[in-house]
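Report on one structure; see the data block that follows.
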Amino acid sequence: MGAEDEEMRLQKFLSRAGVASRREAEGIMAQGRVKVNGRRVVTPGTKVVPGRDRVEVDGRKVRRDPVRWLVLNKPRGTLTTRKDPRGRPTVYSLLPPDSDSLRYVGRLDMNTEGLLIFTNDGDAVHGLLHPSSEVSREYRAWVRDVPSDRTLQQLARGVELEDGRARPEEVRVLRASEEKGAIVSLVLREGRKREVRRLLKAVGHPVRRLRRVRFGPLRLQDLKPGEWRELSAGEVRALRRAAGLSAE
C-alpha cells in the first residue's frame with residue numbers, strides 16, 4: 001500500500017492539507033462544515049484515504065499538497081493577507097503563484113518589515129503561535145531619541161498596556177545617536193497586536209522603523225526585502241521542535 005493509500009484520521013488530513021491544526025479541525029468538523037464523499041462528518045475519529053476519498057470544507061474540495069515551508073523578508077508597505085479589497089500590495093503577491101494554500105505564521109502590520117514564515121503544516125502553525133509554546137520573536141526598532149538606562153530597566157520590569165502587562169524577555173540598545181535616535185533590540189515571547197510599537201511608545205520612544213529578525217530558531221539572515229526562499233530540512237526540524245512537535 002503506497003503512502004497515498006494509507007488511512008489517516010480526518011483531522012490529521014486537514015492539518016496536512018494546511019486547512020487548520022488538528023485541534024482547529026475538530027472544531028470545524030463539529031460545526032458541520034466537513035464532508036467526506038458527500039456525507040457530513042462530525043466525528044473526530046473518522047478515517048480517510050488521501051487520493052481516494054473526497055474531502056470538502058465549506059463545499060470546497062481539499063487537496064493534500066506536499067508540506068512546504070517558505071520564509072519571506074517582508075518589505076514595508078505590504079499587507080499580511082491574501083487579498084486586499086482596496087488593491088494594496090500583499091505578501092502573497094511576492095511569493096510563487098502556487099503559494100495560496102500556505103498560511104503565514106505571526107502577522108506583521110503593514111509598516112513592519114522582516115521575517116515572515118509560510119507553511120501548510122497546520123499543526124506547526126498552531127504550535128508556533130500558541131502562548132504555551134512561548135516561542136521567542138526578536139525585533140530591531142529604530143526609535144526617536146535614546147532610551148536611558150532607567151527606561152530600559154522599566155521595559156525589563158514590564159509596562160502596563162491596554163490589554164495587560166507586557167514585558168520583553170530581553171531589551172538593549174544596539175546603536176545610539178543624539179541626532180538620529182537609537183536602534184533597540186527586543187525579544188518577546190508573545191504575539192500581541194503592535195506590541196513592540198505600543199511598548200516603546202508607552203515609555204516615550206515612538207518607533208520610526210521596525211523589523212522582525214528572528215522567529216524561534218529561524219533568523220532572517222541575508223534575504224533582501226521582497227525576497228523569499230524555501231527552508232532547509234534542518235530549519236524545518238528546528239521549527240517543529242519549537243512548536244512542540246516531532247522533528248519529522
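Readers should treat all values here as calculations from the given coordinates under stated rules, not as data from a laboratory. All values reported here derive from a predicted model rather than from experimental measurement. With ideal geometry, Cβ positions are generated from the backbone for all residues, glycine too; neighbour counts draw on all protein chains shown.
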Here the percent of antiparallel bridges among DSSP beta bridges lying wholly in the chain, to the nearest 5, is 90 percent
For Arg86 and Glu190, extending 7 Å from Cα along the Cα-Cβ vector and measuring point to point gives, in nm, a value of 2.8 nm
Expected sort for 230-238, 113-121 on mean C-beta neighbours within 10 Å, highest first, is 113-121, 230-238
Given backbone amide H placed at 1.01 Å from N, residues whose amide H is under 5 Å from that of Gly114, ignoring those fewer than 5 places away on the same chain, are Lys74, Arg212
So for R0 = 22 Å, FRET eff. of Val173-Arg219 from the Cβ-Cβ r, to 0.05, ends up at 0.60
The aspartates and glutamates whose Cα lies under 20 Å from the Cα of Lys47, excluding any fewer than 8 residues away in the same chain, are Glu4, Asp5, Glu6, Glu7, Glu24, Glu26, Glu56, Asp58, Asp65, Asp121, Asp123
The exposure ranking of Arg192, Arg103, fewest beta-carbon neighbours within 10 Å first, is Arg192, Arg103
Where a ≥ b ≥ c are root eigenvalues of the Cα gyration tensor, a/c under 1.5 meaning rounded, otherwise prolate if a/b exceeds b/c and oblate otherwise, the stretch 193-243 counts as oblate
Here the gain from full extension of Leu152 to Val203, 0.36 nm per residue of separation minus their alpha-carbon distance, amounts to 17.4 nm
Phi angles of the stretch 22-29, converted by Karplus (6.51 cos²θ - 1.76 cosθ + 1.60, θ = phi - 60°) into ³J(HN,Hα) in whole Hz with x for Gly and Pro, give 4, 5, 5, 4, 4, x, 4, 5
